[in-house]
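Working notes, structure below.
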């Protein structure tokens with residue numbers, strides 16, 4: 001829930017959490033219990049959000065109109081975490097290939 005600023009006529013300004021459904025509704029003053037209207041005293045305080053929530057908001061804003069694109073293709077060795085699998089093909093001196101892990105009756109192309 002976001003923090004909103006309110007102005008109590010008797011006690012002065014204070015901040016309180018309120019749901020988004022009640023963003024414009026008055027809030028009860030924590031000192032005198034009077035109804036205080038919401039005022040705009042500060043810019044939204046994103047610093048009180050957790051880092052994960054802030055990154056999620058930034059990602060949503062960025063992906064709304066310009067998704068992140070990579071200049072590298074699939075399987076790029078400089079930035080992908082996957083490593084290349086070793087070949088299971090045995091190459092013989094005469095140019096023949098054999099596949100020891102495969103079925104012996106299969107014909108290679």
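A short reminder: the numbers here are calculations on the coordinates, not readings from a lab. These numbers come from a predicted model, not from an experiment.
What is region 1-42's relative contact order, in percent, from Cα pairs under 8 angstrom and six or more apart in sequence? The partial results should precede the final answer.
Numbers: 74 pairs, mean separation 18.0, N = 42.
43 percent.
Compute the Rg to Rh ratio over region 1-42 from the alpha carbon atoms, using the Kirkwood formula for Rh, and round to two decimal places. List each step's numbers first, then the result.
Numbers: Rg = 9.3 Å, Rh = 10.1 Å.
Taking Rh as the inverse mean 1/r over Cα pairs, Rg/Rh reads 0.92.
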